[in-house]
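Just dropping this structure here.
Nothing in this text is a laboratory measurement; each read-out follows from the coordinates by a stated rule. None of these values were measured; they are calculated from a predicted model. With ideal geometry, Cβ positions are generated from the backbone for all residues, glycine too; neighbour counts draw on all protein chains shown.
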Amino acid sequence: MKLRPVVLVLLILAGFYYLTSRLIPQGALADIMEHKLAETKGLIVSGPINHFGLTEANAAPTVDAEEQQNIGVYKKALPSVVNITSTQVAYDFFYRAYPQQGQGSGFILDKDGHILTNNHVVEGAQQVEVTLSNQKKYKATVVAVDRTHDIALLQIHNVTNLEPATLADSAGLLVGQRVYALGNPFGFSGTMTRGIISALRAVQLPSGVKIDNAIQTDASVNPGNSGGPLLNSHGDVIGITTMIATNPNGNADQSAGIGFAIPIATAKAVLGDFAKYGHVRRPSLDIVTIPIGPDIAEELGLPSMPGILVERVLPGGAAQIAGIHGGTQRMYMGNEPVMLGGDLIVGMDGDEVASPQDLGNALNEHHPGDVVTIVVFRGQKKMSFKVTLSDAKETANGQTA
């Protein structure tokens, strides 16, 4: 009786062996297990599929009129847009030199290889390299710069078949007009974004200079777009992308839907000076100034109003010829020696002048040779002078206005 359970177990084992080794082909059980596992993971299908019920277009994909315009702008403008890599020497914690690169954009002006971009794209660079739309690279030289308006003129040599950009007139731009930004954002070359002109307004560049009628756009622009063209719907250049407004609550230097471009009319004026004089002609009063607040003005016996104090007039300069006086009393403001006792400039051509920036912006609306009216206080006496502006390039040493 005790052998009966043992015999029963042996019979079950023998039957299982016979079933797996004879009735089921070798490896079939493993295949079944693998198949079930694969099915649970979605890796295979249980059998061939004869066809899918796909719905296909009857012809090649087409584009609508708006898309066709986008494509047309891109095809027209792309060959004239370049990527710019600037390299300058930087130093690590141990004062070991290493190359530091910056990225920007630009566009070809003529068959001679002149390229327009922002000054901040190439400023301080020991080497500048330009990559064309065909990915060929060329060393570039910096021909001229206008730091005030953040414009730089480059040139590449011995290059054939260049395709210059077409420059439009930026005087008649309208808010709501469609625009396109083309350039090299974050190093992604040949990138085009689209938006509208959001506003036409005066903005202050990082240099401190105010640009009238700067083009504000919601077209996405990011680091690397600087110096690239802002285009109208015909693919013509209406501005130079130069600055983005970033989120004041964040640290990321990236698009916030507000970008600015220097109007191409400003760039044309700068290029005109480059061509005629080799530099940008800046109107100047030939004076060295100090900004003065109401408290300091009152201490100096001047009306308690903001203005800029004339510390020094350059000999033979525009201000001296007109009769404006510089300082005669040597004193110290903090640790800096200054000359006090000069005239306090408070206005120019009817506009208030409360800071050097106000005066600089007022001067930027004029040219050398223009006659302006300068309003000053000499002590408590208010006076006006007619001043013929000079060329700042021709002034003596010193920071002048």
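Taking every DSSP beta bridge that has both residues in region 160-285, what percent is antiparallel when rounded to the nearest 5? Present the calculation step by step, with values, prior to reporting the outcome.
Working: 25 of 26 bridges.
About 95 percent, rounded to the nearest 5.
For Glu365, Glu336, Glu56, which order do you get if you count the other beta carbons within 10 Å of each Cβ and list the fewest first? Mind showing how you got there, number by number?
Details: Glu365 14, Glu336 8, Glu56 5.
Going from sparsest to densest Cβ surroundings: Glu56, Glu336, Glu365.
Does region 283-394 come out rounded, prolate or oblate by the C-alpha gyration tensor, with a ≥ b ≥ c the root eigenvalues, rounded set by a/c under 1.5 and, if not, prolate when a/b is larger than b/c and oblate if not?
Taking the square roots of the gyration eigenvalues as a ≥ b ≥ c, region 283-394 is prolate.
Once you charge only the Cβ atoms, +1 for Lys and Arg and -1 for Asp and Glu, what is the size of the charge dipole of region 140-213 about its Cα centre, to the nearest 20 debye? Provide the component values of the computation, followed by the final result.
Values: 5 positive and 5 negative charges, 50 e Å.
Once rounded to the nearest 20, the dipole reads 240 debye.
Can you put Leu153, Leu174 in order, fewest other beta carbons within 10 Å first?
Working: Leu153 23, Leu174 8.
Starting with the residue having the fewest Cβ neighbours, the order is Leu174, Leu153.
Hey, could you grab the Kirkwood Rh for region 178-275? Inverse mean 1/r over distinct alpha carbon pairs, Å, one decimal. Before the final figure, lay out each step's value.
Working: mean 1/r = 0.0738 Å⁻¹.
For region 178-275, the Kirkwood estimate is 13.5 Å.
Can you list the aspartates and glutamates whose alpha carbon is less than 15 Å from that of Lys381, not counting same-chain residues fewer than 8 positions off?
Glu298, Asp343
Further question on the same structure: Can you pick out the pairs among Lys75/Lys137; Lys139/Lys276; Lys137/Lys210 whose Cα atoms lie more than 23 Å from each other? If you can, show how the numbers build up before the last one.
Working: Lys75/Lys137 20 Å; Lys139/Lys276 25 Å; Lys137/Lys210 35 Å.
In this structure, Lys139/Lys276; Lys137/Lys210 exceed 23 Å between Cα atoms.
Output needed for region 193-242: three equivalent-ellipsoid semi-axes, defined as square roots of 5 times the C-alpha gyration tensor eigenvalues, in descending order, whole Å. Before the final figure, lay out each step's value.
Working: eigenvalues 67, 33, 20 Å².
Computed over region 193-242, the values are 18, 13, 10 Å.
Which value, in Å³ per residue, describes the convex hull spanned by the Cα atoms of region 79-155?
Convex hull of Cα atoms, per residue: 89 Å³.
Quick check: net charge around Gly360, other residues with Cβ under 11 Å of its Cβ, Lys/Arg +1 and Asp/Glu -1?
Working: positive: Lys210, Arg282; negative: Asp358, Glu365.
Result for the neighbourhood of Gly360: 0.
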